[in-house]
Amino acid sequence: MCCYQYRVRVTVQPTIRCISGIAGYITRKSNEPITIEAKDFFIDGEAIASRLQTYRDNEYDFSFRYPGDWRRVVRPLDMPSIVVLIAGQVDDGVTPCVAVIATPAPPDVSNEVLLGISKAVFQSIIENDGFNNVNILDFGIKELDGKKYLTCHFQATMVDDSRVEILQFAHIHNGEEFTIRAIGSQTNFDKNRPTFDSIINSFQFD
């Protein structure tokens, strides 16, 4: 899977582990393995509050809320994610989704080290992982449930020419790096942003 070749060069590599693997999976066309019910799952910010469900993961002790009409896939076999929420029809080759990933953090990489990764290093790894025309819109540190996360909001073109926009939060907890990643098309990312924000902001360790 992607990025493993950068483990030696960048010690905080797990922050962006498998970014293209996940995005590539999400950009599959309708005639490939993943299936979605024949309905429009897109919902706007005003509609989500009354239809939220809660996902709790007993193995990793976290939870978050998500719209009840999003498709949930737990521990997909061909992805490194714990859970993927899939919301909608393919839009410009990209299906909006939110993925939660846990990967073992190297022993010498604490959350403080993770938070110290530079924007230049982050962009370099993204570009070396097959993304083109990378445009970082926002990069910094934000809090979720009182814990600090490294965050990046960026646009890029994938190897299949899909134009994606990604919002990513990363945090090391109990020796695992947790990455929350929202992926959508550049053309409709703003439309789905309220829903993405609602899911991400509800994430907490139990």
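The values are calculated or read from the model by the stated rules, or taken from the named source; none is laboratory data. Since we're looking at a predicted model, the values are computed, not measured. Glycine also receives a Cβ, built like all others from the backbone with ideal geometry; neighbour counts cover every protein chain displayed.
Assorted remarks:
- All conditions but one from (1) crowded, with 16+ Cβ neighbours inside 10 Å; (2) farther than 18 Å from Ile136 by Cβ; (3) over 14 Å from the mean Cα position of the chain (by Cα); (4) among the β-branched types (Val, Ile, Thr) apply to Val159; the one that does not is (1).
- Qualifying residue in region 4-15 (condition: modelled with pLDDT of 50 or more and touching a Pro at 6+ places or on another chain (Cβ under 9 Å)): no
- Residue in region 92-133 that is surrounded by the fewest Cβ atoms within 10 Å (Cβ to Cβ), counting only those that are touching a helix residue (DSSP H, G or I) at 6+ places or on another chain (Cβ under 9 Å) and assigned to a strand (DSSP E or B): Pro104
- Check on Val164, more than 15 Å from the chain's Cα centre (by Cα), over 15 Å from Ile82 (Cβ atoms) and hydrophobic (A, V, I, L, M, F, W, C): no
- Set side by side, the residues Thr187, Thr157, Thr151 differ, and just one is in contact (Cβ under 8 Å) with a residue 60 or more places away in the chain and among the polar types (S, T, N, Q), which is Thr187.
- Asn188 surrounded by 16 or more Cβ atoms within 10 Å (Cβ to Cβ), at pLDDT 95 or above and more than 16 Å from the chain's Cα centre (by Cα): no
- Hits in region 141-168 (condition: among the aromatic types (Phe, Trp, Tyr) and either in a loop (DSSP other than H, G, I, E, B) or farther than 17 Å from Gln123 by Cβ (or both)): Tyr149
- Some residue of region 71-79 being farther than 17 Å from Ala182 by Cβ and either outside any loop (DSSP other than H, G, I, E, B) or at pLDDT 95 or above (or both): yes
- Looking across Val94, Val109, one residue alone is among the hydrophobic types (A, V, I, L, M, F, W, C) and at pLDDT below 90. It is Val94.
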